Ligand SMILES: *Cc1c(COP(=O)(O)O)cnc(C)c1O
């Protein structure tokens with residue numbers, strides 16, 4: 001089945017709802033049964049029948065089917081955020097006394113879960129530089145049950161060799177989970193390399209319009225069923241059918257949007273690399289990116305995130321540059337239609353916080369759906385203002 005078939009057709013049964021093109025929003029918490037026998041049948045397979053919306057809601061179910069297919073996995077569960085998706089997939093694997101290996105610098109709340117929260121339940125984590133699999137092997141203990149990957153991450157884009165990691169983990173019976181948000185299912189499918197569970201924040205590319213917070217866990221049937229009847233039903237972190245409908249609408253253009261932001265990023269890469277005020281650019285699909293060969297091998301594209309280091313003499317200069325940008329909004333997150341800028345300098349000198357590990361001249365851009373020429377014009381005038389006040 002092609003991506004286009006998945007986005008336009010899969011999971012939709014239009015004859016059931018008046019041949020409506022847009023799936024209905026089944027805004028119902030509860031579902032009734034004509035007979036006791038039907039009720040009995042539904043209740044023992046609550047993960048696929050329609051009993052109660054904390055379990056399986058028909059509108060949300062369409063989304064489950066499409067996202068599972070996009071990631072080439074058996075099934076998927078939609079949850080209330082990307083952070084939840086990481087948390088419950090991780091919690092589904094470990095028990096008290098277990099050890100996790102996680103790549104260093106994962107998404108901040110994945111790090112918080114592993115370093116601050118799970119130790120309360122006797123689960124400890126070692127963070128390693130996953131660019132070299134020998135670091136993963138060195139960190140392994142007799143009680144290691146889980147390897148948590150994020151490839152690339154969303155600031156400095158370090159990769160792990162997914163095929164090698166999956167093979168290594170299988171050799172020891174260790175489960176693998178990856179946060180695949182950076183690539184979206186369009187640019188990377190880790191299950192193809194043997195990774196057990198593939199997690200996304202839906203909030204970013206998949207929904208793509210900056211109006212919903214949600215997450216998804218994709219994986220083999222046995223793993224997804226186990227989560228459904230444990231973490232998913234007990235913690236109850238579901239999304240509303242309304243949000244599912246918004247996500248389905250956003251999903252229709254996922255491939256188009258990914259291709260567009262990728263094209264824009266390549267234009268911006270060329271522009272930044274030639275610019276005298278840019279010290280260095282980080283982008284996995286740049287031939288000079290340290291892990292370019294691996295990126296080409298396991299990713300079909302990189303998308304709209306790019307990090308640059310400016311030749312600025314102080315934080316004030318960075319601030320002048322960023323404050324003067326008109327088309328880039330200062331914000332966290334990414335993956336929507338709108339271009340964004342996140343200067344690391346904004347995180348320096350905050351009360352009660354240690355300064356970031358990244359240097360203050362580091363600026364992360366997200367290129368949305370605007371024209372590349374307009375984005376270049378904007379950056380150009382920002383640089384001019386920065387130099388005028390220098
Ligand atoms: C934003 C993000 C998350 C968390 O997603 P939410 O939907 O905001 O909870 C997880 N991983 C990565 C890589 C992200 O960028």
Just round it to a whole percent: the fraction of Cα-Cα distances in segment 7-50 exceeding 15 Å.
-> 58 percent
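Which FRET efficiency value, to the nearest 0.05, do you get for residue 380 and residue 297 by plugging their Cβ-Cβ distance into 1/(1 + (r/R0)^6) with R0 = 25 Å? Display every interim value, and only then the final one.
Values: r = 35 Å, r/R0 = 1.40.
That gives a FRET efficiency of 0.10.
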Between 97, 130, 349, find the one with the highest GNM mean-square fluctuation for the chain; connect C-alpha pairs within less than 10 Å.
-> 349
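If you average the sequence gap of Cα pairs under 8 Å that are 6 or more apart and divide by the length of the chain, what percent do you get for the contact order? Don't skip to the end; give the middle numbers.
Details: 727 pairs, mean separation 59.7, N = 390.
Normalised by residue count, the contact order of the chain is 15 percent.
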So what's the angle, to the nearest 10 degrees on a 0 to 90 scale, between helix 372-388 and the longest Cα principal axis of the chain?
-> 40 degrees
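What percentage of all Cα-Cα pairs in segment 1-158 are separated by more than 29 Å?
Details: 4873 of 12403 pairs.
Counting every Cα pair in segment 1-158, those more than 29 Å apart make up 39 percent.
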Using the beta-carbon distance between residue 4 and residue 172 and R0 = 30 Å, what value does 1/(1 + (r/R0)^6) give for FRET efficiency, to the nearest 0.05?
-> 0.15
Inter-label distance for residue 353 and residue 143, nm, one decimal - labels placed 7 Å from Cα along Cα-to-Cβ = 3.3 nm
Would you mind ranking 104, 274, 311, 66 so that the residue whose beta carbon has the fewest other beta carbons within 10 Å leads the list?
-> 274, 311, 104, 66
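Relative contact order (percent) for segment 67-128, with alpha-carbon contacts under 8 angstrom and 6 or more residues of separation?
Values: 51 pairs, mean separation 20.9, N = 62.
This gives 34 percent for segment 67-128.
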Note: residue 369 to residue 273 extended length (0.36 nm per residue) minus current alpha-carbon separation gives 32.4 nm
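Set the Förster distance to 56 Å, then compute FRET efficiency between residue 117 and residue 337 from the Cβ-Cβ distance, nearest 0.05.
Working: r = 34 Å, r/R0 = 0.60.
Result of the calculation: an efficiency of 0.95.
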Given the options 363, 48, 60, which has the most mean-square fluctuation in a GNM of the chain, springs set between C-alpha atoms less than 10 angstrom apart?
-> 48
Roughly speaking, what is the centre-to-centre gap between segment 257-285 and segment 352-390 when only Cα atoms are used, to the nearest Å?
-> 13 Å
Please report, to two decimal places, log10 I(q)/I(0) for segment 214-307 at q = 0.11, 0.17, 0.22 Å⁻¹ as given by the Debye formula with identical point scatterers on the Cα atoms and no solvent.
-> -0.56, -0.90, -1.07
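Taking the mean number of other Cβ atoms within 10 Å as a proxy for protection, how do you rank 159-165, 38-44 from highest to lowest? Kindly include the intermediate steps, with their values, before the conclusion.
Values: 159-165: 22.0, 38-44: 12.6.
By packing density, highest mean first, the sequence is 159-165, 38-44.
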GNM on the chain, C-alpha springs below 10 Å: top fluctuator among 289, 367, 157?
-> 289
With no solvent term and unit scatterers on the alpha-carbon positions of segment 138-225, Debye gives log₁₀ I(q)/I(0) at q = 0.12, 0.23, 0.24 Å⁻¹ of -0.38, -1.17, -1.24
Determine the relative contact order of segment 165-298: mean sequence separation of Cα pairs under 8 Å and six or more apart, normalised by residue count, in whole percent.
-> 17 percent
Average the reciprocal distances over every distinct pair of alpha-carbons in the chain, invert the result, and give the Kirkwood radius in Å.
-> 22.2 Å
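Bear in mind that the values in this text are calculations on the coordinates, not laboratory data. Here the structure is a predicted model, which means the values were calculated and not measured. Glycine also receives a Cβ, built like all others from the backbone with ideal geometry; neighbour counts cover every protein chain displayed.
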